[in-house]
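Scroll down for the structure; my scribbles are underneath it.
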Amino acid sequence: MTAALDVEKAISISKGTATADAVTESGTDDAAPPAAEGLQPPDGGFTAWSQVFAAALVNSMSWGYPSMFGVYQLHYRDALKLPDSQISWIGSLQIFLAFVMCTFSGRMADAGYVKTTIAVGSFLVVFGTFMTSLCTEYWQIFLAQGLCTGLGLGIMFMPPISVVNSYFVHKRSLALALAASGTGFGSVIFPATIQYLIPQIGFPWAVRCAAFLALIMSAVAILILRPRLTPRKSGPLVEWDAFREGPYLLYILGAFLFFWALYFGFFYINAYARNVIHFSTTDSVQLLRMSNQCSFVPSLLSRDQDNGTVAPVITNGMSIPSRPLVGFLADRYLGPINMYAFHVLVLGCMLFAWTGVTTRAGMYVFSVFFGLANGAAQGLFTCSLASLTKDPRKMGTRYGMVCTIIAFASLAGPPTAGAIIDKSAGQYLWAQVWAGLVIVLGSVALAGCRCAVSGFKLWVKV
């Protein structure tokens, strides 16, 4: 009996030693798969979907703000009498910082400082917006709206995405796409707030009302968010090993080209509607908003022809229904990377089609389809990257790395388009061709990412 017990004890010790050796060879808990720690995501339930709602609120600010810069572009051009390319640097800096700060905020999210990071970012956004309402000079606007607000947007954007990613597996693309649909709501709500309040209370108080709205939304989001993963306190700011992965590198290249030309449409669709199609200023702003909200299309099209608020409304509004739809299709049938590459190609083709828009009816139709294509492509950006990230605890870091790189593309894009327009004596043709070509090349790079993951197989869900 004693001998048998000794044998069992020796076997147990041997197994324990082997397990410890295996852990030592594979690394610390950074290398341990999430399932080993009991971190299987719930993939649904009230708490999980409430995180999606909170992330949508944050996205309403973090990307609703930059998407509405076309409203400011028109106001600043009329008030300050400056060229489009110079004004575009304000919006470009805002978008640049919103991306470039993601490396730091993403790492902070992985370390467990989700709510703190969002609170700091929200404060900077609200403070920068209030300061914008007081500005009268270009350099003041550049610092308040471009620098301060941009820093806040970048700090607050990444943490909710990391939280949502940790709650879902099979429904991840749908969840992230629904969270991204907050961008469409923000791109409708914030421009509407400013546009409709300016005639009643003036530009400064209209901007302050937008700041109060942002404050309420950020407070609700902070109260709802519930991080569930064990914080990864240790670890590098940048995962350099990720740059050795072929699919990851091709994804970065495709995203870089995509975002280089993406905001040209948001910044200039209302100016094109007013200067080329001869919409009124109010009508041109509404056109941008309408592309984000499809439910406005029938009512706006039935309004008086002088109501030019339709163009921006269409572009931003149509992105709301398209994002969850493509997320569902990516989860159920086609895969996020397949869908992302395809819809980026469609968006590039839409920019080429823009060159043929010469009538008011054509502007309405283009805004609808441009908003659909844009919403689908942007909605798939996050979930396709999530599919390349196997350890959810590194989602914030890897996502932030991509955002930092594409920040330089978003910084240069609108001023590049503005310079092309200025050199073309106010004509938009060559800027439209440039944007379409760049985005089509981005879709080619994303197709290469897909092939690097699955090989040259046609019917593969990736």
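Checking region 438-450 against the condition returns a match, with at least one residue being more than 13 Å from Leu257 (Cα to Cα), open to solvent by less than 10 Å² (accessible area, probe 1.4 Å) and in a helix (DSSP H, G or I). Kindly check whether there is at least one residue in region 357-377 that is closer than 13 Å to Ile161 by Cα, under 19 Å from the mean Cα position of the chain (by Cα) and of a type in the set (A, V, I, L, M). No, region 357-377 contains no residue that is closer than 13 Å to Ile161 by Cα, under 19 Å from the mean Cα position of the chain (by Cα) and of a type in the set (A, V, I, L, M).
Between Val220, Val169, Val207, the distinction of being more than 16 Å from Met61 (Cβ to Cβ) and among the β-branched types (Val, Ile, Thr) belongs to Val169 only. Here is the figure for region 84-121: residues that are surrounded by fewer than 24 Cβ atoms within 10 Å (Cβ to Cβ), among the hydrophobic types (A, V, I, L, M, F, W, C) and either at positive phi or within 14 Å of the chain's Cα centre (by Cα) (or both) total 1. Exactly one residue among Gly426, Gly413 is modelled with pLDDT under 90 and loosely packed, with under 15 Cβ neighbours inside 10 Å, and that residue is Gly426. Checking each residue in region 236-273 for being assigned to a helix (DSSP H, G or I), farther than 30 Å from Trp354 by Cα and either in contact with a Ser or Thr (Cβ under 7 Å, 6 or more places away or on another chain) or acidic (Asp, Glu) (or both) picks out only Asp241.
What tally of residues in region 241-273 results from selecting those that are among the hydrophobic types (A, V, I, L, M, F, W, C) and at pLDDT 90 or above? Talk me through it step by step, then tell me what you get.
Residues of region 241-273 among the hydrophobic types (A, V, I, L, M, F, W, C): 242-243, 249-250, 252-253, 255-262, 264, 266-267, 269, 271, 273.
Next cut, at pLDDT 90 or above only: 249-250, 252-253, 255-261.
The total comes to 11.
Are any residues in region 353-377 free of Cβ contacts under 8 Å to residues at least 60 places away in the same chain and open to solvent by less than 20 Å² (accessible area, probe 1.4 Å), and if so, which ones? If the condition is that a residue be free of Cβ contacts under 8 Å to residues at least 60 places away in the same chain and open to solvent by less than 20 Å² (accessible area, probe 1.4 Å), then Phe366, Ala373, Ala376 are the ones that fit. Take Met68 and decide whether it is open to solvent by 10 Å² or more (accessible area, probe 1.4 Å), within 19 Å of Ser410 (Cβ to Cβ) and in contact (Cβ under 8 Å) with a residue 24 or more places away in the chain. Judged against the criteria, Met68 is not a match. Given the condition in a loop (DSSP other than H, G, I, E, B), of a type in the set (Gly, Ala, Ser) and either surrounded by fewer than 24 Cβ atoms within 10 Å (Cβ to Cβ) or free of Cβ contacts under 8 Å to residues at least 60 places away in the same chain (or both), answer yes or no: does some residue in region 378-394 qualify? The answer is no, given that none of the residues of region 378-394 is in a loop (DSSP other than H, G, I, E, B), of a type in the set (Gly, Ala, Ser) and either surrounded by fewer than 24 Cβ atoms within 10 Å (Cβ to Cβ) or free of Cβ contacts under 8 Å to residues at least 60 places away in the same chain (or both).
Please verify whether region 290-301 includes one or more residues that are touching a Ser or Thr at 6+ places or on another chain (Cβ under 9 Å), closer than 21 Å to Val438 by Cα, polar (S, T, N, Q) and modelled with pLDDT under 85. Checking region 290-301: not a single residue is touching a Ser or Thr at 6+ places or on another chain (Cβ under 9 Å), closer than 21 Å to Val438 by Cα, polar (S, T, N, Q) and modelled with pLDDT under 85.
Counting only helices (runs of 4 or more DSSP H) that fall entirely inside region 144-235 and contain at least 1 residues that are among the hydroxyl-bearing types (Ser, Thr, Tyr), touching a Ser or Thr at 6+ places or on another chain (Cβ under 7 Å) and open to solvent by less than 10 Å² (accessible area, probe 1.4 Å), the qualifying elements are 149-167, 182-201, 203-224. Given the condition modelled with pLDDT under 85 and of a type in the set (Gly, Ala, Ser), answer yes or no: does some residue in region 352-369 qualify? The answer is yes, given that some residue of region 352-369 is modelled with pLDDT under 85 and of a type in the set (Gly, Ala, Ser). Here the condition is being more than 27 Å from Phe123 (Cβ to Cβ), hydrophobic (A, V, I, L, M, F, W, C) and surrounded by fewer than 21 Cβ atoms within 10 Å (Cβ to Cβ); of Ala242, Ala273, it holds for Ala242 alone.
The values are calculated or read from the model by the stated rules, or taken from the named source; none is laboratory data. Since this is a predicted model, take the numbers as computed values, not measurements. Quick reminder, even Gly has a Cβ in these numbers, built from the backbone with ideal geometry, and neighbours come from all protein chains shown. Surface accessibility is based on the protein's heavy atoms, side chains included, excluding ligands, DNA and RNA. Shrake-Rupley method; radii C 1.70, N 1.55, O 1.52, S 1.80 Å.
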